[in-house]
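What follows is a set of notes on a single structure, which appears directly below.
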Amino acid sequence: MTDYETATAFLGEWGRFQQQVFYLLCLSIIPNGFAGLSIVFVADTPPHRCLIPTHINLTAAWKNSSIPLEEDNHSGALVPSKCSRYKLEDLLSFSDRGLLPGVDVNLSNVATEGCLDGWEYDRSVYISTIVTEWDLVCDDRWRNPLTSSLFFFGVLTGSFVSGQLSDRYGRKKVLFATMAVQTVFTFIQVFSPSWTVFCAVFFVVGMGQISNYVAAFVLGTEILGPRVRTIFSTAGVCLFFGVGYLLLPLFAFFIRDWRMLLLGLTLPGFLYVPLWWYIPESPRWLLSQGRVEEAEDILRDAAKRNKIEPPAVIFDPLQKELQSENMKAHNICDLLRSPNIRWISVTLWLVWNTLTIAYFALSLNTSNLHGNAYFNCFLSALVEMPAYTLSWVMFRWCSRRLSLFLTLFMGGVFLLLIQLIPGDMIYVAITLEMMGKFAVTTAFAIVYAYTAELYPTVLRNTAVGACSMASRIGSIIAPYFIYLRSYSVSLPYILMGSLTAMSGLLSLLLPESYGMPLPDTITHMQHFPGCCRKTPYTLTHTEEKENNAERNEEKH
């Protein structure tokens, strides 16, 4: 457009209006931090063993020896089996005859059976989780990672639907509708009577969880000025997401029952209803829909809040010439329509996908790390705070493309180094994992803001939603990366490290957007790869005339 940034420059960068939008949108992000990762505690698997019914008349010696020992995959030590016990009929026979285990009876010759009477769980850490309530262990342990994957299927669906709805019906409406979906369905989840119902509701929670994050992110990106936008899209929303993540282990530490924990995490969502009257619609979006008067009304109200006199005409008649293109209906298919936007989209989808695998696999793995699960989760969340601050610094002063490459590549290197650490140096391995999480988190914050800069207003929410949707393939399989620990502790790190480092190299193909105004139409987009040629958006009207004159001279 006749440079939207220039037309709205009279508002300034950091008046009362911008401050209100900045902080309220950031506040709306906090529930995403604990809602998206609450499954770390809700579905954690405590130590367990086969239940020996109390009415079984066994001697103390046979009760203590009723569980066979087996080799632990991680430490190699002998530990009680989690999924089998010695056949109770045989144990009763030995007990009644007064025989002693290991003395009169060779336990290696005693037949075993499954946990026919259920399991006995260690209650020292959790009062209950969905694992202990519905016995998601042994033959049913596949249901545990599937629970997280179904949530991310919901995120995938939400990314697909909400981006297009937001570009069609507005950022604000979708933001508040999806916040309501996340809050209400998490509340319903508290009363789940079975694992199947829990997963079905969790799927809907996932739909709302990503949708309100993306809508808030895009809304702030479009309303705020260039400098504040950089802070908002990197440190702003991400730090407040991190605050929510930090609150999760604190909530979980004091609320050890999974139903009460979800209820506690749900209630803050109802406090966001009044924000409807304080967060405006995106003037950029209104302008792209031809609703010029509404856009101007919001900007005049913003000027009033900033105690600035707005110009008589904010958007000159040249704006309306561009509206013919903006008014066209755009959808997700436009992300693949031309070669330029297609290559940008496919590259970003691959980068987002790898990032999501690494981020969620590392986040969900905190309960498996050595030491206290609450402290490890808190440490994992705390690592993100300086990462988000670094992302803002890099985004403010450095090349987007190089920033993304460096953080991705270094994250991959840290994860690959973990396999070289001896098994007894646990804390060194945890330090490297947290450094990998730091680098991946920084890259995640950068890629969100970078993506928003590459796509035009008419497709921005659809594009960010599509990138988020494509990345959900990664988040869906991320729980199964952790599941690979049961076969090899180092295998998840080898796979994550290799994929992350390779996606860092792939990101070098993306265009550079540092110092460029936000594109408003598809023709304003940078070209792929960004170093190949100068884009139409960087050319002034005079330069275009000169280029055309030169081409005509060459033809003659």
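The values are calculated or read from the model by the stated rules, or taken from the named source; none is laboratory data. Given the structure is predicted, the values throughout are model-derived calculations rather than measurements. Note that each Cβ is placed from the backbone with ideal geometry, even for glycine, and that neighbours are counted across all protein chains shown. What goes into the accessible areas is simple: the full protein's heavy atoms, side chains included, and nothing from ligands, DNA or RNA. Shrake-Rupley method; radii C 1.70, N 1.55, O 1.52, S 1.80 Å.
Highest first, please rank the peptides 197-204, 120-127 by the mean number of other Cβ atoms sitting within 10 Å of their residues.
Details: 197-204: 20.0, 120-127: 14.6.
Top of the packing list down: 197-204, 120-127.
Assuming 0.36 nm per residue, please report the length gained on full extension of the stretch SER498 to ILE127 beyond their Cα-Cα distance. Write down the numbers at each step before the final one.
On the way: separation 371, 0.36 × 371 = 133.56 nm, distance 3.86 nm.
129.7 nm is the gain from fully extending SER498 to ILE127.
Per-residue accessible area for VAL79 at 1.4 Å probe radius, Å² rounded to 10?
Here the residue's solvent-accessible area equals roughly 50 Å².
What FRET efficiency, computed as 1/(1 + (r/R0)^6) with R0 = 45 Å and r the Cβ-Cβ distance, is obtained for LEU491 and ARG256, rounded to the nearest 0.05? Can you show the working numbers first?
On the way: r = 32 Å, r/R0 = 0.71.
That gives a FRET efficiency of 0.90.
If I model a spin label at VAL79 and VAL110 as a point 7 Å from the Cα along the Cα→Cβ vector, what separation in nanometres do I get?
About 2.1 nm, to one decimal.
Decide, for the range 374-449, between rounded, prolate and oblate: order the square roots of the alpha carbon gyration tensor eigenvalues as a ≥ b ≥ c, take rounded if a/c falls under 1.5, and otherwise choose prolate if a/b is larger than b/c, else oblate.
Working: a/c = 3.44, a/b = 1.67, b/c = 2.06.
Here the range 374-449 falls in the oblate category.
Under the Karplus relation 6.51 cos²θ - 1.76 cosθ + 1.60, θ = phi - 60°, what is the ordered set of whole-Hz ³J(HN,Hα) values for the range 173-182, x standing for Gly and Pro?
4, 5, 4, 6, 5, 6, 4, 5, 4, 4
Near the amide H of CYS50, under 5 Å away, which other amide H atoms are found, from residues 5 or more places off or on another chain, if H is placed in the peptide plane?
Amide H to amide H, under 5 Å and 5 or more residues apart or across chains, CYS50 pairs with SER84, GLU120.
What FRET efficiency comes out for the pair TRP277/PHE191, r = Cβ-Cβ distance, R0 = 45 Å, nearest 0.05? It would help to have the intermediate numbers written out before the result.
Working: r = 31 Å, r/R0 = 0.69.
Efficiency at R0 = 45 Å is approximately 0.90.
What is the count of Lys pairs in the chain whose alpha carbons sit under 17 Å apart, if the two are 8 or more places apart or on different chains?
Numbers: LYS63/LYS82; LYS63/LYS87; LYS320/LYS328; LYS534/LYS545; LYS545/LYS555.
Summing the qualifying lysine pairs gives 5.
Taking amide H atoms as placed 1.01 Å from N in the peptide plane, list the residues 5 or more away in sequence, or in a different chain, whose amide H sits under 5 Å from that of VAL105.
Those lying under 5 Å, H to H, from VAL105 are LEU100.
Output wanted: per-residue J couplings in Hz (rounded whole) for the range 375-385, from phi through Karplus 6.51 cos²θ - 1.76 cosθ + 1.60, θ = phi - 60°, x for Gly and Pro.
For the range 375-385, the Karplus-derived couplings read 5, 4, 5, 4, 5, 4, 6, 5, 4, 6, 4 Hz, x marking Gly and Pro.
Roughly what % of Cα-Cα distances in the chain sit above 46 Å, to the whole percent? Don't skip to the answer; put the middle values down first.
Working: 36014 of 154290 pairs.
Every Cα pair in the chain considered, those over 46 Å come to 23 percent.
Just in the range 228-299: which GluC sites (Glu not before Pro) are loop by DSSP and have at most 11 other Cβ atoms within 10 Å? Spell out each step's value before the answer.
Details: sites: GLU281, GLU293, GLU294, GLU296; in loops: GLU281.
Filter output for the range 228-299: empty list.
Which of the listed residues, LEU499, LEU454, THR442, is farthest toward the dipole's positive end in the chain, when Lys, Arg count +1 and Asp, Glu count -1 at the beta-carbon?
Projecting each Cα onto the dipole axis, the largest value belongs to LEU454.
Along the Cα→Cβ direction, 7 angstrom out, place labels at LEU420 and ASN340. What is the inter-label distance in nm?
4.3 nm
List, largest first, the extents of the alpha carbons of the range 336-466 along their principal axes, each in whole Å.
Principal axes ranked by extent give 54, 25, 24 Å for the Cα atoms.
So what is the 222 nm mean residue ellipticity for the chain from helices alone, if each DSSP H run of at least 4 adds -39500 (n - 2.57) and you divide by all residues, rounding to the nearest 500 deg cm²/dmol? If you can, show how the numbers build up before the last one.
Values: 23 runs with 335 residues, N = 556.
Here the helix-only value at 222 nm equals -19500 deg cm²/dmol.
Return the FRET efficiency for the residue pair TRP142, GLU309: r is the Cβ-Cβ distance, R0 is 56 Å, and the value is rounded to the nearest 0.05.
On the way: r = 65 Å, r/R0 = 1.16.
It comes to 0.30.
Is the shape of the range 428-495 rounded, prolate or oblate, going by the alpha carbon gyration tensor and its root eigenvalues a ≥ b ≥ c, with a/c under 1.5 for rounded and a/b larger than b/c for prolate? If you can, show how the numbers build up before the last one.
Working: a/c = 5.19, a/b = 1.92, b/c = 2.71.
Note, shape of the range 428-495 comes out oblate.
Kindly identify the range 140-195 as rounded, prolate or oblate by the Cα gyration tensor criterion: order the square roots of the eigenvalues as a ≥ b ≥ c, call it rounded if a/c is under 1.5, otherwise compare a/b with b/c, prolate if a/b is larger, else oblate.
Details: a/c = 4.94, a/b = 1.79, b/c = 2.77.
In terms of gyration-tensor shape, oblate.
Label-point separation (nm) for ARG97 and ALA60, each offset 7 Å from Cα along Cα-to-Cβ?
Placing both labels 7 Å along Cα→Cβ, they lie 2.4 nm apart.
Taking θ as phi - 60°, what are the ³J(HN,Hα) couplings along the range 290-301 by the Karplus curve (6.51, -1.76, 1.60), each to the nearest whole Hz, with x for Gly and Pro?
Karplus-based 3J(HN,Hα) across the range 290-301 equals x, 8, 5, 5, 5, 4, 5, 4, 5, 5, 5, 5 Hz.
What percent of all Cα-Cα pairs in the range 73-173 falls into each 10 Å bin, going from 0 up to the bin containing the maximum distance?
In order of increasing distance, the bins hold 11, 24, 24, 17, 10, 7, 5, 2 percent.
Take the range 353-406, compute every pairwise Cα distance, and split them into 10 Å bins from 0; I just need the percent in each bin.
Percent of Cα pairs in each bin: 21, 41, 28, 10.
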